[in-house]
Structure formats: structure tokens, C-alpha cells
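What follows is a short report on a single structure.
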Amino acid sequence: MAKHNELGKKGEQLAVDFLLKNNYDILERNYRFDKAEVDIIARQKDTLAIVEVKTRSTADFGNPQDFVKPKQIQRLVKAVDEYVNTNDLDVEVRFDIIAIVKEKKGFNIEHLEDAFYHF
């Protein structure tokens, strides 16, 4: 596996561990619909958190969260709409980003709730 893929997988697992530690239930990982892939679908009480994980080996080229593009958001919204309707869920939906940057001794994890809104 390529190094960037390994880092991405590591980042997703760190994000899952972080969410579990903060009382979220993980409902899905890598949920796919059409051309979209939702990294993590988690639930905390009556809120469905749609989590995009962005992991970088360095912040030299910008913050990880700056790499979520409008087209990707559009696809995520479509996929989540399908997920909510298929599972007949009555929940608030929130779009989050977990930004992870590798540091000398571990990783810096930042959870950005309501990171973007569907439009």
C-alpha cells in the first residue's frame, strides 16, 4: 500500500477512536453511494455526524480541512440524503471534519463540528 494510503487509513482509525472516546456510536465507515464515499457516519444522541477525515503528514501546504472541495460536499450531501432516507432516520444531520496532522511524537487531532453546511 502506498504511504499516503497508509496515512489515510491510520487517520481514519484515529478519528474513529477519537469519536468513540467522545461518546459517539460509529454506524458506518466508508459508506459509498454513487460517486461519494462518506468516511464515517456516527451518532451522538439525536445527531447524525457525517465526518470527513483529512490526514496530512505536514501542515506545510495548508490545513487538512482546507482540502474539502465544493464538489465533494455536494456528493456527500447526496450520499447522506440517501442514507437517511434508506434507513428511515429522524435525526439532525451535521457535517464535521476531523483534521489530523502528523507530528514528531504522534498526531494532532482537531474536530471541527458543523464544518460546512449543505446547500
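Table for the structure above
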| quantity | calculated |
| --- | --- |
| Residue count, the stretch 50-84 (criterion: of a type in the set (A, V, I, L, M), modelled with pLDDT of 90 or more and more than 16 Å from N108 (Cα to Cα)) | 7 |
| Single residue of the stretch 1-44 satisfying the filter (assigned to a strand (DSSP E or B) and of a type in the set (D, E, K, R)) that is least open to solvent (accessible area, probe 1.4 Å) | D39 |
| Counted residues, the stretch 102-119 - those being open to solvent by 50 Å² or more (accessible area, probe 1.4 Å) and more than 11 Å from the chain's Cα centre (by Cα) | 12 |
| Lone qualifier among A15, A36 - being modelled with pLDDT of 95 or more and closer than 23 Å to V77 by Cα | A15 |
| Residue in the stretch 55-71 that is assigned to a strand (DSSP E or B) and within 15 Å of L112 (Cβ to Cβ) present | yes |
| Considering residues of the stretch 52-101 that are surrounded by 16 or more Cβ atoms within 10 Å (Cβ to Cβ) and among the basic types (K, R) only, the residue nearest to E28 (Cα to Cα) | R94 |
| Contacts under 6 angstrom Cβ, first residue in the stretch 88-107 being within 17 Å of Q13 (Cβ to Cβ), partner small (G, A, S) and not in a strand (DSSP E or B), 6 or more apart | D96/A115; I97/A115; I98/A15; I100/G11; V101/A59; K102/S57 |
| Residue match in the stretch 56-74 (condition: within 14 Å of K35 (Cα to Cα) and among the hydrophobic types (A, V, I, L, M, F, W, C)) | yes |
| Conditions (1) free of Cβ contacts under 8 Å to residues at least 24 places away in the same chain; (2) under 16 Å from I97 (Cβ atoms); (3) of a type in the set (D, E, K, R); number of the one not met by E12 | (1) |
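The values are calculated or read from the model by the stated rules, or taken from the named source; none is laboratory data. Note that the structure is predicted; figures quoted are calculated from it, not measured. No Cβ is skipped: glycine too gets one built from the backbone with ideal geometry, and neighbour counts run over all protein chains shown. These area figures cover heavy atoms from the full protein model, side chains too; ligands, DNA and RNA do not enter into them. Shrake-Rupley method; radii C 1.70, N 1.55, O 1.52, S 1.80 Å.
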